[in-house]
């Protein structure tokens, strides 16, 4: 089997990625594993980049060439970790994709099952469902009376006193 991951020695090896693309066109199932490993490598690389960005940098370690080489190193490390299947993400992706592929049915198979009665037809959903109003509750609730003896009139303009003529407002 032509292992495209094995031929992709570096993240800059576009020829290996082109071979993987060609392999996927010819036989999609055989390229699934290699594609999942490439995805795992990209995921690990993004995770490492986020971890590096979260670390406080000093003035001594801040320069463009160092950042470039650290980025290249992180990409190479992510490729080697994905090849060794260190996280297991590629395995989970392959398993999930294989289950989804096994569950796929052709349109002809679905129509045949509907005709035989093995699969119910889809129930249509109206675009504008009929709106129903909430029922009005006619029962009277007991009123809540405020005690009048404890009520104090609110003075809206403090300092004006009782002799204030409200008609001048």
Would it be correct to say that residue 121 is exposed (fewer than 13 other Cβ atoms within 10 Å of the Cβ), more than 23 Å from residue 36 (Cβ to Cβ), at pLDDT 75 or above and out of contact with any strand residue (DSSP E or B) (no Cβ under 9 Å at 6 or more places or on another chain)? no
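Could you list all residues from region 86-105 that are at pLDDT below 85 and closer than 21 Å to residue 51 by Cα?
Narrowing region 86-105 to residues at pLDDT below 85: 86, 99-105.
Matches in region 86-105: 86 only.
The values are calculated or read from the model by the stated rules, or taken from the named source; none is laboratory data. Please read these numbers as outputs of a predicted model, since none were measured by experiment. Please note: Cβ atoms are built from the backbone with ideal geometry, for glycine as well, and neighbour counts cover all protein chains shown.
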